[in-house]
Amino acid sequence: MVRPPLTIVLAVWAGFMAGPAGAQTTQFTVVSGASYGPTIAPDSWGVILGTGLSQSTATAVLNSDGQWPGTLAGISVQVNGQTAALYYVSPKQINFLVPDSTTFGAVPVVIGNTNGGSLTGNADLENTAAAIFSSDSSGTGPGAILNAVTNLPAPFLVVTPQNGGSDPRTRLAVYATGLRWAGNLSHDPTLTNVATSVFALAGDQAGNNYQLAVEYAGPAPGYFGLDQVNLVLPAEMDGAGVVSVELTADSSLSNTVTFAVNSLPASSLQVAGVTLSSSFVAGGGSVTATVEMNGVARSSGFPTTLKSSLPTAQMPAAVTIATGQASGQFQITTLQVAAVQNATITAQGGGAMATAALEIDPVNAVELAGFTVTPAKVQAGQNFSGVVTLTGALTSGSLNVQISSNNTAVQPPTVVAVAPGSSSATFSIPTAPTSGVTTPQTATLTATSGHNSATATVTVVPAFQFTLSSGTVTAGSSVTGTVTQGQNAPAGGATITLSSSSAAVEAPFSVSIPAGQTSASFTINTTSVTAPVTATITANDLAAGLKQAVSLIVSPASLPQLTSLTLSATSVSGGLPVTGTIRISGPAPAGGLTAVLSSSGSLWASVPQSLTVTVPQGLTAASFNISTTHPPTAQTVTITAKAGGISETATLIVQ
């Protein structure tokens, strides 16, 4: 992507600071910075509108790190607890960059100032909030749109000669915000082009609608929060005049803006292409051809001359594209042929020429009909069979069929030849070595001959596999282990021995896979631990000479947590005792649960000398005494209990 020109960005920013004309509100609201719609999106520009938002007006500049500041004119903005970058602050408007987030819905927005005051509101934050910048900052009217190649503004033509290459159709760069994460809920930063999740619909004043192709949608290079959508202008829009356009990203519909499309000079109209309804046909059949222009035909229509390179493909000598149309159709009829023929169809007009290829096949030509594999599941390191079938037997010569795989676990021959007189061919397909397949792999194989193809699917399984139902377990609980062979166990079954590297994990000595079966499951028990233990469990298939090890993490059983600290009195005369009580979330474990005590004023209110209190095993609460002395003046003392990283406090006033 080419970095957008500074001129368009400055124009966007200028309107951005101005806000919607006459915008006034008695409460602050949060809206899109482009459309002023009620929804904002992560990494997009948002606007806060209200009164008394700040005491002064300021426009930010990038700091030494190339970032917008988090505080401007003493003002900061937090969106769902995250600090937003600021661009513009005034008493009635704040322009900010919405922080990245994958939490959506109604979120709090807090405006803070250096004096400690704050204003609180909320915003509707969604993954996408498609919005197009407009040149007059109203959210409507002419959009912030340029020719993506020349960087020139509207009016546009449907052809841009500066494009170079074989496709001179004009590309527009539409500048927007709020759509860079369309179809990307996890915000994977490697997905920089979300064009497949963005759609553009245009309409002219005559009522014609145009679905515009989207070639790029995503961040505009070099600018925070600015998105760019590159659209292709179709020839049908030639001379459309003022055109409206709106974007849809996921389910978010943007505001509507406009741009103008002028007419190409009549002298520059020419043939742009020719397409066929099918690139092949059986001799005696027909196809529909379409001649395409680079614009629309004027009042007298647009004449084109037609030609075929072979007499077996017949068509009219010319076709005239009707007034106001950008394309015209004609029929190509073919004659029967004894062998495959390839015709070139040519259309000429306006000094330009376009061609298309048409394959004419014999009516009774033998073609690929199907592709199968046997068996559908195979063990790694072994071969399986593939069969390609034809629509009939070959009367002369052989037929080559290309074979491909989408998974390296299956390695078919690249070409299989069907012999003369045959209607099928059987061939062997190898799989990856045993060491290369540790989990089941599914491969799709494709057989291709000419314009026909067929697919078949096979699953390659490991020769031996050992899995656990979970890789972690709480001490005292169990997990299920499963051993699986690539082939059925022989008569008498298959014996798999097991071992564990830790006494905390108790696996059976061995497990048997019954005859004719491929797997067996068993229970692995665990014992109490005081700290996490990682055990290696090994399954060994001695007969096959294969083994596999897996890891199991055993975590200590969770301890109850401290939930409260209460006092028998909140105020006491010095010299009188007070009782403190701690409570925990569940029965205390063996040995009890101990909390550490402290006092912020031990001279006036002291906790037990041991500085601890223990909840006995099986109980959920324990009490302790607090002794007090008479202070010269009333003292406020904080008593604290702490256990397992959790602290609870209570306040005592000693008179």
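Coordinate-derived values only; no laboratory data. Nothing here was measured: the structure is a model prediction, and the numbers come from that model. Every residue, glycine as well, gets a Cβ built from its backbone with ideal geometry; the counts of neighbours run over all protein chains shown.
Side notes on the structure shown:
- Whichever aspartates and glutamates have a C-alpha closer than 16 Å to that of K307, once near sequence neighbours (fewer than 8 apart) are set aside: E292, E359
- 18 Å tail of the calculated P(r), segment 368-456, as % of Cα pairs: 41
- Each part gets one Cα centre, and for segment 365-389 versus segment 172-199 those centres are 41 Å apart.
- Other residues lying with their Cβ under 13 Å from the Cβ of A144 contribute a combined charge of -2, Lys and Arg counting +1, Asp and Glu -1.
- R0 of 51 Å, Cβ-Cβ distance T495-V596: FRET efficiency to nearest 0.05: 0.40
- In a fully extended conformation the segment linking A376 and S555 would gain 60.3 nm over its present Cα-Cα distance, using 0.36 nm per residue.
- Dividing the helix sum by the residues of the chain, where each DSSP H run of 4 or more adds -39500 (n - 2.57), gives a mean residue ellipticity at 222 nm of -500 deg cm²/dmol.
- P(r) tail fraction, the chain - alpha-carbon pairs more than 46 Å apart, %: 56
- Cα-based reach from K547 at 20 Å (exclusive), listing aspartates and glutamates while leaving out same-chain residues under 8 positions away: E506
- When only alpha carbons of segment 389-539 are considered, Rg and Dmax amount to 23.3, 79 Å.
- The chain: relative contact order in percent, alpha carbon pairs under 8 Å with at least 6 residues between: 6
- In terms of packing, defined here as the mean over residues of other Cβ atoms within 10 angstrom, the peptides 156-169, 264-277 line up highest first as 264-277, 156-169.
- A simple count of charges around S599, restricted to other residues whose Cβ falls under 15 Å of its Cβ and scoring Lys, Arg +1 and Asp, Glu -1, yields 0.
- Using a Förster distance of 35 Å, the FRET efficiency for T439-V387 (Cβ separation, nearest 0.05): 0.80
- For the chain, the longest principal axis of the Cα atoms and the long axis of helix 6-18 meet at an angle of about 50 degrees.
- Reduced Cα scattering model of segment 188-294, Debye log10 I(q)/I(0), q = 0.11, 0.14, 0.16, 0.18 Å⁻¹: -0.53, -0.77, -0.90, -1.00
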